[in-house]
1. Given the criteria within 16 Å of the ligand (Cβ to nearest atom) and touching a helix residue (DSSP H, G or I) at 6+ places or on another chain (Cβ under 9 Å), does ALA79 qualify?
2. Give the residues of segment 115-132 that are in contact with a strand residue (DSSP E or B) (Cβ under 8 Å, 6 or more places away or on another chain) and surrounded by fewer than 16 Cβ atoms within 10 Å (Cβ to Cβ), sorted by residue number.
3. Looking at segment 60-162, what strands (runs of 3 or more DSSP E) fall wholly within it and have at least 2 residues that are hydrophobic (A, V, I, L, M, F, W, C)?
4. Go through (1) more than 15 Å from the ligand (Cβ to nearest atom); (2) at pLDDT 95 or above for THR59 and report which single condition fails.
5. Among residues belonging to segment 45-56 that are assigned to a loop (DSSP other than H, G, I, E, B) and within 19 Å of ALA283 (Cβ to Cβ), point out the one that is nearest to the ligand (Cβ to nearest atom).
6. Would you check if PRO73 is within 16 Å of the ligand (Cβ to nearest atom), at pLDDT 95 or above and not hydrophobic (A, V, I, L, M, F, W, C)?
7. Go through segment 239-286 and give me each residue that's among the basic types (Lys, Arg) and modelled with pLDDT of 95 or more.
Amino acid sequence: MHRQALVSAHSSINSGKYTTFQQVTCPIMPKHLLAVWPQIQQSLQGVGQVVLLLDYDGTLAPIVDRPDLARMPRQTQEALVELKALTSPEPDLVIGIITARSLEDVSARVGIDGLLYAGNHGLEIRGPNLEFVHAKALKIKGSVDQVYLRLKEELAIHPGAFAEHKGLSLTVHYRLVDDERVAAVKDTVDKTVRTAVAIGDLVVSPGKMALEIRPNIAWDKGSAITAIVAALGTQPPDSNPPVRDGLVMYFGDDLPDEAGFAAAQDTGGMGIFVGTSEQSTSAHYRLDSPQQVGQTLHLIRQIFRQSA
Ligand SMILES: [Mg+2]
């Protein structure tokens, strides 16, 4: 159901005018994280370890036409650097970036040592005491390389469209393509990857003005979060026996992040969707923009500064 329809259904229930609306099963409306910050602050102060996981594009860094020009706002970068410094060497805060970009790309782009970086939707993860590459993704890499070479040739006829090689996967960007040519770009991609998809090597999924071409492996950002949390030994505060009580927060802005929200929420943690209230999400919390993600990081920094 469209978010706007949900809003009117809720207000109808509240006004008591249309009792039949109560029959409708509505997903939970995400709460604005900053509107309930005092409660969030209490939760953060009450746990032994905070596992702060964030997507990069559209979450930490605003979306731009050329993905190679995406940068975090200066305040966000500063907040991350200070958070890292405040919580070293005691690992009472783990900061990780989980992105569709390659591991090399995101770690160079963020440029902060000691963070956890997960590239290619978490098919590769690197961080303090953690090194992981999905074995099946390595096997399929040859197929990814072949498709990339063919896409480079085939996309040349579409101005503005280009393929990005991310090691274990590819992204075809069409943000710079004229609207009336987008369908033709998708057609070209479809034809080019058809064989690799048919033999079960690759899958194509939509992204923001992009197509993601990934190894056909049941692995998403949610799997990556589950693997990271298991490796850290983080447990919900009420788990028995508690290994290390912790709170997982995952921030994301796009469809692939929904699996991340679910995984974070399954651990008793929080999914935080970055976007407008009109967009549908399973996350329990919401922020308007990457700027508000930066603002939230500053607020978290204040909590850790007080306890330092
Ligand atoms: Mg994103």
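The values are calculated or read from the model by the stated rules, or taken from the named source; none is laboratory data. Computed from a predicted model, the values in this text were never measured in an experiment. All Cβ positions, glycine included, derive from the backbone under ideal geometry; neighbour counts span all protein chains shown.
1. The answer is no for ALA79.
2. Answer for segment 115-132, where residues must be in contact with a strand residue (DSSP E or B) (Cβ under 8 Å, 6 or more places away or on another chain) and surrounded by fewer than 16 Cβ atoms within 10 Å (Cβ to Cβ): PRO128, GLU131.
3. Hits in segment 60-162: 93-98, 116-119, 130-133.
4. The failed condition is (1).
5. Looking at the filtered set, the residue picked out is ASP55.
6. In short, yes.
7. Across segment 239-286, the qualifying residue is only ARG286.
So that you can scan it fast, the table gives a plain yes or no per residue for (1) closer than 20 Å to VAL94 by Cα; (2) in contact (Cβ under 8 Å) with a residue 60 or more places away in the chain:
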residue	(1), (2)
VAL274	no, yes
THR281	no, yes
LEU287	no, yes
VAL293	yes, yes
GLN302	yes, no
